[in-house]
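**Q** Below is a structure I'd like to ask you about.
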Amino acid sequence: MHVASWIWVLIPITAIVCGVFAGVAKRWIRLKERELRLSSEMTAERAAQYAAHTERLEQRVRVLERIVTDKGIDLADEIERLRDDRPH
């Protein structure tokens, strides 16, 4: 067979193979984008939880600082009052 006759066969086969690979690549890219989006959402959620936890700890430290620095208040009464003020 002559080389020119093979070109007419190889051109459509090459186009089909490229089309298949392009479809697979698009699906893979969509999958990776979805994975990144989910990972980002989970990271944002964890960051919000850490921020809320940090805020609660800071509030507790402020209460402890007040207890330690207030010398004119009966310690047991102050602890009970602060327990009642604590958000549930």
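Derivation of every value follows stated rules applied to the coordinates shown; laboratory data play no part. The model shown is predicted, which means the values in this text are computed figures rather than measured ones. Cβ sites come from the backbone with ideal geometry, for glycine too, and all protein chains shown count toward neighbours.
**Q** Measure off 7 Å from each Cα along the Cα-to-Cβ vector at residue 53 and residue 81, then give the distance between these two points in nanometres to one decimal.
**A** Computed distance between label sites residue 53 and residue 81 equals 3.2 nm.
**Q** If one takes the longest principal axis of the Cα atoms in the chain, at what angle in degrees, from 0 to 90 and to the nearest 10, does the Cα axis of helix 75-85 lie?
**A** The two axes meet at around 40 degrees.
**Q** For the chain, build the convex hull from the C-alpha positions and give me its volume per residue in Å³.
**A** Per-residue hull volume (Cα only) is 103 Å³.
**Q** Still on this structure: Multiply the residue gap between residue 29 and residue 7 by 0.36 nm, knock off their C-alpha separation, and tell me the result in nm, one decimal place.
**A** Taking residue 29 through residue 7 to full extension adds about 4.7 nm, to one decimal.
**Q** Using helices alone, I'd like the mean residue ellipticity at 222 nm for the chain: each DSSP H run of four-plus residues gives -39500 (n - 2.57), total over residue count, nearest 500.
**A** For the chain, the value works out to -32500 deg cm²/dmol.
**Q** Highest first, please rank the peptides 23-29, 60-66 by the mean number of other Cβ atoms sitting within 10 Å of their residues.
**A** Result, highest mean first: 60-66, 23-29.
**Q** When the Karplus curve 6.51 cos²θ - 1.76 cosθ + 1.60 is applied with θ = phi - 60°, which whole-Hz ³J(HN,Hα) does each residue of region 35-47 get, with x for Gly and Pro?
**A** Along region 35-47, the couplings run 4, 5, 5, 5, 5, 5, 5, 5, 5, 5, 5, 4, 4 Hz.
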